[in-house]
1. What fraction of the DSSP beta bridges in the chain is antiparallel, stated in percent and rounded to the nearest 5?
2. Neighbour counts of other C-beta atoms within 10 Å: give me 102, 140 arranged from fewest to most.
3. With runs of 4+ DSSP H residues as the only contributors, calculate the mean residue ellipticity of the chain at 222 nm using -39,500 (n - 2.57) per run, divided by the residue total and rounded to the nearest 500.
4. With a 10 Å cut-off between alpha carbons and a GNM built on the chain, which of 225, 161, 76 moves the most?
5. Regarding the chain, what whole-number volume in Å³ per residue does the convex hull of its Cα atoms give?
6. Taking the Cα centroid of segment 64-87 and of segment 201-235, what is the distance between the two, rounded to the nearest whole Å?
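Where a number appears in this text, it was derived from the coordinates with a stated rule and is not lab data. Since we're looking at a predicted model, the values are computed, not measured. Cβ: placed from backbone, ideal geometry, glycine included. Neighbour counts: every protein chain shown.
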Ligand code: KMH
Ligand code: ZN
């Protein structure tokens, strides 16, 4: 399949509405963002939710309501974050799977995360991976540093392929504490991905100023794109991002220039082994 998967990650857990007024934090804001991004060419939504005060939460009722609302209003593949915020306990992060999304993220190791630490112990990773296998949830393996691809190889070797049999990774580049958001780092990852099962696909996102170099490098190495206000709040020097749609529209433009137009959600499901 020669098209491009475009994942929108509209909210994240790190920015506040006070600092970034265009951030979608309510369910209504999330659903309308999802609909507009789908119309522009997104096929997957990576979801973090907020509470009534706009703070990150993994509240089970809210997660279920979010999955139901997105399913009702869009055809997007719904991927819940099991990463949450750096303060979320492992039990709550595992419980994200109870909301029965089609996909969930699964980070392949602990990484310094700015001034914080994003904890992902080996046993916790194994738990997430095996529970997703049991429940028919397709993982997206989040990679913050090159060595985490080796951890993924070890995981698959010891515990088997994910549900659906297809391996998809997302390179999250430019987190202070992880790998840089550069073309050179992306190419190093792309080489390492060749040691994973045949057919493994990858998307990439560059945090902050890595956004554009990573997008161009991903497109030119056969990778897919993740964009959104979880990762990027400045559109260009001195210009705050106006909306997630602005970022998706730019990604669609680049993908079309690369002659790899956006995949529809149905094509994305077929590629990733997500049941229709
Ligand atoms: N918010 C970060 C600590 C994920 O969604 O799986 C973790 C994160 C990764 O965003
Ligand atoms: Zn996330």
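1. 20
2. Fewest to most other Cβ atoms nearby, the residues stand as 102, 140.
3. -11500 deg cm²/dmol
4. Of the options given, 161 has the highest mean-square fluctuation.
5. 111
6. The distance from the Cα centre of segment 64-87 to that of segment 201-235 comes to 21 Å.
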